[in-house]
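The values are calculated or read from the model by the stated rules, or taken from the named source; none is laboratory data. Bear in mind the structure is a predicted one, so any value in this text is a computation, not a measurement. Every residue, glycine among them, receives a Cβ derived from its backbone with ideal geometry; neighbour counts consider all protein chains shown. Accessible surface is based on the protein model in full, side chains and every heavy atom, while ligands, DNA and RNA are left aside. Shrake-Rupley method; radii C 1.70, N 1.55, O 1.52, S 1.80 Å.
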Amino acid sequence: MARSETLTEIDGRRLALSNLAKELYPSGQTKAEVISYYLHIAPVLLPHIADRPLTRLRAPDGAAGPTFYEKNAPAGTPDWVRVRPVQASDGPIDYVVADDAATVVWLANLAALELHVPQWRFASTGPGRLRLPESATDAPLPLHDRLVIDLDPGEGITMIESARAALLAGGLLARDGLVPVCRTSGGKGLQVAAAIAPADGTASRDYVRGLAAELVRTAPDLFVDQMARSARAGRIFVDYNQNQTFRNTVAPYSLRIGDRPRVATPLTWDELGAVQTPDALRFGPDEVLARVAEHGDLAGDLLLDDPPPLPASD
């Protein structure tokens with residue numbers, strides 16, 4: 001069967017969108033709806049992913065079918081899409097960098113449902129070639145300009161406990177002079193992030209590791225900082241490893257793959273304090289667009305022009 005295409009233009013870029021009626025979620029949302037969401041959310045999404053190497057989770061046959069992570073720019077990438085090489089331990093990776101709405105729509109047309117970025121930007125280190133740890137080159141490592149406390153709920157944990165955990169984690173960041181921002185992961189967890197002045201990635205990871213240990217000491221019934229699944233039942237794993245230079249975290253406003261489209265949604269601290277039901281704080285694309293229309297970018301504090309320095313590790 002011939003593939004149907006629709007031609008469109010976004011910011012002066014011509015795109016051919018294919019199979020717009022194809023259902024990408026079991027709940028019935030089509031590729032056209034996914035593209036429409038990403039086009040309309042782009043003004044607040046782009047500042048959080050621009051100038052960052054973009055890892056995509058693609059689902060060409062829809063969320064119920066096979067999925068795969070993609071780092072390299074795919075064959076047929078338009079020449080107007082920004083691509084930036086980074087030296088990894090197993091060779092160079094030609095990352096797509098999404099600096100404009102046209103690139104975001106192009107990726108959505110490829111069924112790149114999830115967008116993941118690291119805690120660093122290219123500009124935070126300066127021009128020239130960059131490398132990831134363990135690569136055999138003397139190119140510089142990128143400097144981190146964000147940190148994240150990823151709160152991964154174990155079996156039996158609901159949003160009630162996750163909200164309490166996020167409030168405690170955010171309190172530690174605020175105590176240390178940072179400006180915490182909380183968002184849902186789009187799944188069952190929460191993430192508390194903060195902007196920092198460009199800093200060494202290992203130092204950033206070690207600082208968050210120290211916070212994880214402090215959370216475990218403060219509330220051992222709620223937190224665990226061990227990766228072993230056997231230790232995580234009934235507790236929340238504080239995943240400090242999301243701050244390693246080669247790791248990626250789902251971007252604010254990204255869709256997530258599942259039975260229905262959920263969004264990694266920035267929250268207010270009042271919303272966290274008001275959680276009373278296990279299934280609270282789950283938002284779909286239309287709800288998130290309405291939230292942005294009412295509140296603007298609730299993750300805006302991750303975009304500070306003059307962020308505070310990374311606190312010293314204990």
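Numerical summary
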| item | result |
| --- | --- |
| Per residue value of the accessible surface for the chain (all protein chains in place, 1.4 Å probe), Å² | 44 |
| Computed [θ] at 222 nm, helices only, for the chain once each DSSP H run of length n ≥ 4 contributes -39500 (n - 2.57) | -8000 deg cm²/dmol |
| C-alpha long axis of helix 201-218 to longest principal axis of the chain, angle in ° | 50 |
| Rounded to the nearest 10 Å², the accessible area of Leu272 at probe 1.4 Å | 0 |
| Rounded to 10°, Cα long-axis angle of helix 159-175 versus longest principal axis of the chain | 70 |
| Accessible heavy-atom area order of Trp120, Trp80, highest first, probe of 1.4 Å | Trp80, Trp120 |
| Loop trypsin sites (Lys or Arg not before Pro), region 63-144 (other Cβ atoms within 10 Å of the site Cβ: 16 or fewer; DSSP) | Lys71, Arg129 |
| Interatomic Cα distance distribution for region 65-117, bins of 5 angstrom, percent | 4, 17, 30, 27, 14, 7, 1 |
| Gaussian network model of the chain, Cα within-10 Å springs - most flexible of Pro47, Pro74, Pro252 | Pro74 |
| Interchain or long-range residues, amide H under 5 Å from Phe223's placed H | Ile236 |
| Leu39, Leu172, Leu151, ranked by accessible area, largest first (probe 1.4 Å) | Leu39, Leu172, Leu151 |
| Nearest 10 degrees, 0 to 90: helix 31-49 Cα axis against the chain principal axis | 50 |
| Per-residue SASA entry for Thr8, accessible area with 1.4 Å probe, Å² rounded to 10 | 50 |
| Carbon plus sulfur fraction of accessible area for region 207-261, probe 1.4 Å, in percent | 45 |
| Dipole magnitude of region 176-300, debye to nearest 20 (Cβ charges: Lys/Arg +1, Asp/Glu -1, about Cα centre) | 500 |
| Region 129-165: GluC sites (Glu not before Pro) falling in loop per DSSP and having at most 16 other Cβ within 10 Å | Glu134, Glu155 |
| Global form of the chain, assessed from the alpha-carbon gyration tensor, a/c cut-off 1.5 | oblate |
